[in-house]
Amino acid sequence: MTRLIFLGPPGAGKGTQAQELAKTHAIPHISTGDILRVAVSQKTDLGLKAGAYMDAGDLVPDALIMEMVRDRLLQADTLSGWLLDGFPRTVAQATFLSRLLQEINQSCDSVINFDVPDEMLVERLLARGRKDDNEDVIRNRLEVYRRQTAPLIDFYQSQQLLVTVDGSQSIEEVAAQLTNAIQ
Ligand code: AMP
């Protein structure tokens, strides 16, 4: 049983590593960004509400994200474990998740903190070229990360759940660090 949270700034490589790890551990890869992008493309209620925040590089309001994650974690495939990628991103979301997990009698094994210097993040994001990867929006997303998400490093450190990996290394090297970290 593997239950993990991937924490880190945009461009840190969370998604790439999450895809592989979820495959090898046969657990669902739950990316809130991916779920939101599907909602936007399908023009669902959630998508219509979330789109403008995402385009600006701002966080989608907590209440919308919490409802979305609650629905997802109550689906049957999560009984074999899960990997949360890009959630939680605020202290309020993290507190919500702790309560939700308590309620469904689950606990998180580890929170993996992807550490990558800012210059490298900007470089990687510009190379990726997603809709929200232009320079102004990138700058805002990094600022939002620092202000709203980085406090979660202390939050999970104080719960002794935090493991930091050096995300500046190659994909293979980061994967090897992860394998060590979650044993
Ligand atoms: P990501 O693919 O994780 O980089 O997410 C893309 C965008 O989706 C972010 O810039 C936010 O606008 C939104 N988003 C994804 N996850 C969350 C979250 N946990 N809380 C708030 N907004 C989120």
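Determine whether the range 63-74 contains at least one residue that is of a type in the set (Lys, Arg) and in contact with a strand residue (DSSP E or B) (Cβ under 6 Å, 6 or more places away or on another chain). For the range 63-74, residues of a type in the set (Lys, Arg) and in contact with a strand residue (DSSP E or B) (Cβ under 6 Å, 6 or more places away or on another chain): present.
For the range 9-28, taking the residues that are assigned to a loop (DSSP other than H, G, I, E, B) and more than 19 Å from Asp58 (Cα to Cα), the one that is nearest to the ligand (Cβ to nearest atom) is identified as Gly13. The criterion of at least 3 residues that are within 19 Å of Ile138 (Cα to Cα), within 12 Å of the ligand (Cβ to nearest atom) and within 15 Å of the chain's Cα centre (by Cα) is met, among helices (runs of 4 or more DSSP H) falling completely within the range 29-77, by 32-41.
Read the figures in this text as sums done on the coordinates, not as results from a lab. Since this is a predicted model, take the numbers as computed values, not measurements. Every residue, glycine among them, receives a Cβ derived from its backbone with ideal geometry; neighbour counts consider all protein chains shown.
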